[in-house]
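Asks: If you scroll down you'll find the structure; I have some questions about it.
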Amino acid sequence: MDREEREDNTIYKVVVNHEEQYSIWFTEREPPLGWKEVGKDGPKTECLTYIKEVWTDMRPLSLRKKMEDAQNKR
């Protein structure tokens, strides 16, 4: 952990977009357009650990659906 991370006392929140891609955002700010809160907030490392646990498939939702549809047509 570098010095900047040790001194970061910022509380973040986890956000997700319509493609089920995750990120962190400042707690005191509204999420960017197209993103919504998932109900998890805390220090940066805690939020990133949460994302690592829940975001197990990095492919965007639209791609996963296309691949599933192609598989079902076989």
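The values are calculated or read from the model by the stated rules, or taken from the named source; none is laboratory data. Predicted, not measured: the structure shown is a model, and the values here were computed from it. Please note that ligands, DNA and RNA were not included when accessible areas were found on the heavy atoms of the full protein model with its side chains. Shrake-Rupley method; radii C 1.70, N 1.55, O 1.52, S 1.80 Å.
Asks: How tilted is helix 61-72 with respect to the longest principal axis of the chain? Cα atoms for both, answer in degrees (0 to 90, nearest 10).
Replies: Rounded to the nearest ten degrees, it is 30.
Asks: In square angstrom, what is the accessible area per residue of the stretch 27-74 with a 1.4 angstrom probe?
Replies: 86
Asks: Could you work out what % of the accessible surface of the chain is carbon and sulfur, using a 1.4 angstrom probe and leaving DNA, RNA and ligands out of the count?
Replies: Carbon and sulfur atoms account for 49 percent of the accessible area of the chain.
Asks: Helix 44-54 against the longest principal axis of the chain: what's the angle in degrees, Cα atoms only, rounded to the nearest 10?
Replies: Rounded to the nearest ten degrees, it is 20.
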